[in-house]
Amino acid sequence: MTVLDIRALNRATLARQLLLDRADMPVLDAVAHLGGLQAQEPQEPFVGLWSRLQAFDPGVLSDLLTGRQVVRTHLMRRTVHLLTSVDVLAWRSRHDAMLQQKVLGVYRRELDGVDLEELAAAGRAVLADGEPRSMGELAGAVEDRWPAAGKRALGEMLVAGLIPMVQTPPRGLWRTKGGVRNVPIADWLGREVDPLAQNGTDPVGETLVRRYLAAFGPAATADLRAWSGLAGLPAAVAAVRDELVSFRDERGRELLDLPDAPRPDPDTPAPIRFLPAFDNAILGYDDRSRIIDQEHRNLSVAGARVLLVDGRVSATWTVEADTVVVAPLRRFSRTERAAVAEEGEQIALFLSDKAHNGVRFAD
């Protein structure tokens, strides 16, 4: 079986994640291809798409949100993601059990004795008037029935676990601040989410396997689990295995992939790319060594914006007084430093609506 080294996996990831060449692709198609973008920080998906798409216009993404073609919702790993409405309707039910268990993993003691079906019914009754509500408002409306649980536990379970919800605009619009207000997906999109298959098959799981590999492969089943948060996908992997090809990584793990997906030459040059906080190009794997060194792994979960140089996380970056500040994690060559500065000027212009292009290095 062919062994793919770290550099081969890196270039495959960059190609799948649209980070090797900026794609000439509609914004909606890019969100779908990527399987969504992690979005608990509302402005970060705009950075992620700017780094991936040619001539990205942030107004287009804002229009997709207000037009209800993309939504912000809890899904993979119980984190807020920006996904197409089509995918949310198709995928949400497959994530229900995981979402509830994730909340219980944090609030099991507080929710002990709370009948979750009764809690869901109470929450739906409050939301029946169609008014968007904050998590605190929703929990406050039902807490009299479960006073021992506390508002935080009740709210998290209702918003992230029991009732499929979306976060309504202006939350998530370009250059717009707005608190989190939630409405049921069924109200926002005009229909209920698709139910789970009842015949013992897992068509959604099979779709998730294919879509994950298209955006992240080649990858191990542990990587698939790390991206989705779903433990119960072995049957789905088994069902589609005949469609897939297999490789090994240098650790001996089996890696699965779609046969015709891009796997570029490992020597393919990789451009400078500025990534947003919590980018799935890093978080979408259990073994992140293909893109980030082990010593820097925690940056990806700490919310640092990172910079790819030669395809690997090589710096963090922030914006201070309209200047992009790059903090290298290793020494850059003169050529690398010049390339970082050039791309930094471009993202500074993007973030400032072409008002500023300042870049400096915090060596």
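The values are calculated or read from the model by the stated rules, or taken from the named source; none is laboratory data. Model, not experiment: these values are computed from the prediction. Virtual Cβ from ideal backbone geometry, glycine too; neighbours counted across all protein chains shown.
I need the full set of residues from the stretch 127-154 which are in contact with a Leu (Cβ under 6 Å, 6 or more places away or on another chain) and closer than 20 Å to GLY179 by Cα, in order please.
Those that are in contact with a Leu (Cβ under 6 Å, 6 or more places away or on another chain) and closer than 20 Å to GLY179 by Cα: LEU138, ALA139, ALA153.
Considering every residue within the stretch 30-42, establish whether at least one is closer than 29 Å to PRO262 by Cα, of a type in the set (S, T, N, Q) and buried (at least 21 other Cβ atoms within 10 Å of the Cβ). Step through it out loud before you land on a result.
Restricting attention to the stretch 30-42, the residues satisfying the condition of being closer than 29 Å to PRO262 by Cα are 30-39.
If we keep only those that are of a type in the set (S, T, N, Q) too, we end up with 38.
Right, trim to buried (at least 21 other Cβ atoms within 10 Å of the Cβ) and you get 38.
So far as the stretch 30-42 goes, yes, one or more of its residues are closer than 29 Å to PRO262 by Cα, of a type in the set (S, T, N, Q) and buried (at least 21 other Cβ atoms within 10 Å of the Cβ).
Count, please, the residues in the stretch 348-363 that happen to be of a type outside the set (Ser, Thr, Tyr), over 24 Å from the mean Cα position of the chain (by Cα), surrounded by 12 or more Cβ atoms within 10 Å (Cβ to Cβ) and not in a strand (DSSP E or B).
4
Confirm whether GLN38 is assigned by TED's automatic domain parsing to the domain that holds ARG68, touching a strand residue (DSSP E or B) at 6+ places or on another chain (Cβ under 8 Å) and within 26 Å of GLY179 (Cα to Cα).
Working: assigned by TED's automatic domain parsing to the domain that holds ARG68: yes; touching a strand residue (DSSP E or B) at 6+ places or on another chain (Cβ under 8 Å): yes; within 26 Å of GLY179 (Cα to Cα): yes.
Yes; evaluated as a whole, the condition is true for this residue.
Looking only at the stretch 299-306, decide whether some residue is at pLDDT 95 or above, of a type in the set (D, E, K, R) and farther than 30 Å from ARG248 by Cβ.
Yes; the residues of the stretch 299-306 include at least one that is at pLDDT 95 or above, of a type in the set (D, E, K, R) and farther than 30 Å from ARG248 by Cβ.
Mind listing whichever residues of the stretch 163-204 are aliphatic (A, V, I, L, M), outside any loop (DSSP other than H, G, I, E, B) and more than 18 Å from ALA39 (Cα to Cα)?
Result: ALA186, LEU189, VAL204.
Does the stretch 255-276 hold any residues that are out of contact with any Leu (no Cβ under 6 Å at 6 or more places or on another chain) and charged (D, E, K, R), and which are they?
Listed by number, the residues that qualify are ASP260, ARG263, ASP265, ASP267.
Can you tell me how many residues within the stretch 141-162 are assigned to a loop (DSSP other than H, G, I, E, B) and either small (Gly, Ala, Ser) or touching a residue at least 12 places away in the same chain (Cβ under 8 Å) (or both)? Walk me through it before giving the result.
If we filter the stretch 141-162 for residues that are assigned to a loop (DSSP other than H, G, I, E, B), which is where we start, we get 146-150.
Right, trim to either small (Gly, Ala, Ser) or touching a residue at least 12 places away in the same chain (Cβ under 8 Å) (or both) and you get 146, 148-150.
Looking only at that region, the number is 4.
How many residues does the stretch 44-69 contain that are touching a residue at least 40 places away in the same chain (Cβ under 8 Å), of a type outside the set (Phe, Trp, Tyr) and under 19 Å from GLN17 (Cα atoms)?
Of the residues in that region, 7 qualify.
Of the conditions (1) within 25 Å of LEU189 (Cβ to Cβ); (2) at pLDDT below 95; (3) out of contact with any Ser or Thr (no Cβ under 9 Å at 6 or more places or on another chain), THR66 clears all except one; give me its number.
(2)
From the set of residues in the stretch 109-140 that are of a type in the set (D, E, K, R) and assigned to a helix (DSSP H, G or I), which is farthest from the chain's Cα centre (by Cα)? Spell out the reasoning first.
Let us first name the residues in the stretch 109-140 that are of a type in the set (D, E, K, R), namely 109-110, 112, 115, 117-118, 124, 129, 131, 133, 137.
With assigned to a helix (DSSP H, G or I) added as a condition, the list becomes 109-110, 117-118, 124, 137.
Details: ARG109: 29, GLU110: 29, GLU117: 29, GLU118: 31, ARG124: 27, GLU137: 27 Å.
Out of the qualifying residues, it is GLU118.
More than 21 Å from MET1 (Cβ to Cβ), surrounded by fewer than 18 Cβ atoms within 10 Å (Cβ to Cβ) and either touching a Lys or Arg at 6+ places or on another chain (Cβ under 6 Å) or not assigned by TED's automatic domain parsing to the domain that holds GLN38 (or both): is that true of ALA235 in this structure? Don't jump to the end; show me each part of the working.
Working: more than 21 Å from MET1 (Cβ to Cβ): yes; surrounded by fewer than 18 Cβ atoms within 10 Å (Cβ to Cβ): yes; either touching a Lys or Arg at 6+ places or on another chain (Cβ under 6 Å) or not assigned by TED's automatic domain parsing to the domain that holds GLN38 (or both): yes.
For ALA235, the condition - more than 21 Å from MET1 (Cβ to Cβ), surrounded by fewer than 18 Cβ atoms within 10 Å (Cβ to Cβ) and either touching a Lys or Arg at 6+ places or on another chain (Cβ under 6 Å) or not assigned by TED's automatic domain parsing to the domain that holds GLN38 (or both) - is met.
Select from the stretch 105-133 the residues that are among the small types (Gly, Ala, Ser), surrounded by 15 or more Cβ atoms within 10 Å (Cβ to Cβ) and within 19 Å of THR73 (Cβ to Cβ) and list them in ascending order. Show your work before the answer.
Narrowing the stretch 105-133 to residues among the small types (Gly, Ala, Ser): 105, 113, 120-123, 125, 128, 130.
In the following step, the residues that additionally are surrounded by 15 or more Cβ atoms within 10 Å (Cβ to Cβ) were identified as 120, 122-123.
Once the filter is applied, which keeps residues that are among the small types (Gly, Ala, Ser), surrounded by 15 or more Cβ atoms within 10 Å (Cβ to Cβ) and within 19 Å of THR73 (Cβ to Cβ), the stretch 105-133 yields ALA120, GLY123.
Determine whether PRO169 is at pLDDT 95 or above, touching a helix residue (DSSP H, G or I) at 6+ places or on another chain (Cβ under 6 Å) and not small (Gly, Ala, Ser). Even if it seems obvious, please write down each step before you answer.
Numbers: at pLDDT 95 or above: yes; touching a helix residue (DSSP H, G or I) at 6+ places or on another chain (Cβ under 6 Å): yes; not small (Gly, Ala, Ser): yes.
Yes: the conditions hold for PRO169.
Can you tell me which residue within the stretch 297-347, out of those that are of a type in the set (S, T, N, Q) and outside any helix (DSSP H, G or I), is nearest to VAL47 (Cα to Cα)?
Of the stretch 297-347, the ones of a type in the set (S, T, N, Q) are 298, 300, 314, 316, 318, 323, 333, 335, 346.
Those still in the list that are outside any helix (DSSP H, G or I) too: 298, 314, 316, 318, 323, 333.
On the way: ASN298: 20, SER314: 18, THR316: 14, THR318: 12, THR323: 15, SER333: 25 Å.
So, considering only residues that are of a type in the set (S, T, N, Q) and outside any helix (DSSP H, G or I), the one nearest to VAL47 (Cα to Cα) is THR318.
Results for (1) of a type in the set (A, V, I, L, M, F, W, C); (2) under 20 Å from the mean Cα position of the chain (by Cα); (3) farther than 17 Å from MET98 by Cα, shown as yes or no for each residue.
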residue: ASP144; (1), (2), (3): no, no, yes
residue: GLY150; (1), (2), (3): no, no, yes
residue: PRO164; (1), (2), (3): no, yes, no
residue: LEU173; (1), (2), (3): yes, yes, yes
residue: VAL180; (1), (2), (3): yes, yes, yes
residue: ILE185; (1), (2), (3): yes, yes, yes
residue: TRP188; (1), (2), (3): yes, no, yes
residue: VAL204; (1), (2), (3): yes, yes, no
residue: VAL209; (1), (2), (3): yes, yes, no
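Filter the stretch 45-76 down to the residues that are among the polar types (S, T, N, Q) and under 15 Å from PRO26 (Cβ atoms), then identify the one that is surrounded by the fewest Cβ atoms within 10 Å (Cβ to Cβ). Write out each step before concluding.
Taking the stretch 45-76 first, the residues among the polar types (S, T, N, Q) are 51, 54, 62, 66, 69, 73.
With under 15 Å from PRO26 (Cβ atoms) added as a condition, the list becomes 54, 62, 69.
Details: GLN54: 10, SER62: 19, GLN69: 16.
Selected residue: GLN54.
Report yes if LEU83 is touching a strand residue (DSSP E or B) at 6+ places or on another chain (Cβ under 8 Å), buried (at least 24 other Cβ atoms within 10 Å of the Cβ) and without any contact (Cβ under 8 Å) to a residue 60 or more places away in the chain, otherwise no. Let's see the steps before the verdict.
Numbers: touching a strand residue (DSSP E or B) at 6+ places or on another chain (Cβ under 8 Å): yes; buried (at least 24 other Cβ atoms within 10 Å of the Cβ): yes; without any contact (Cβ under 8 Å) to a residue 60 or more places away in the chain: yes.
Considered against the rule, which asks whether it is touching a strand residue (DSSP E or B) at 6+ places or on another chain (Cβ under 8 Å), buried (at least 24 other Cβ atoms within 10 Å of the Cβ) and without any contact (Cβ under 8 Å) to a residue 60 or more places away in the chain, LEU83 comes out as yes.
Scan the stretch 235-251 and tell me whether some residue there is under 20 Å from the mean Cα position of the chain (by Cα) and within 18 Å of ARG16 (Cα to Cα).
Step one: list which residues in the stretch 235-251 are under 20 Å from the mean Cα position of the chain (by Cα), which gives none.
Among the residues of the stretch 235-251, not one is under 20 Å from the mean Cα position of the chain (by Cα) and within 18 Å of ARG16 (Cα to Cα), which makes the answer no.
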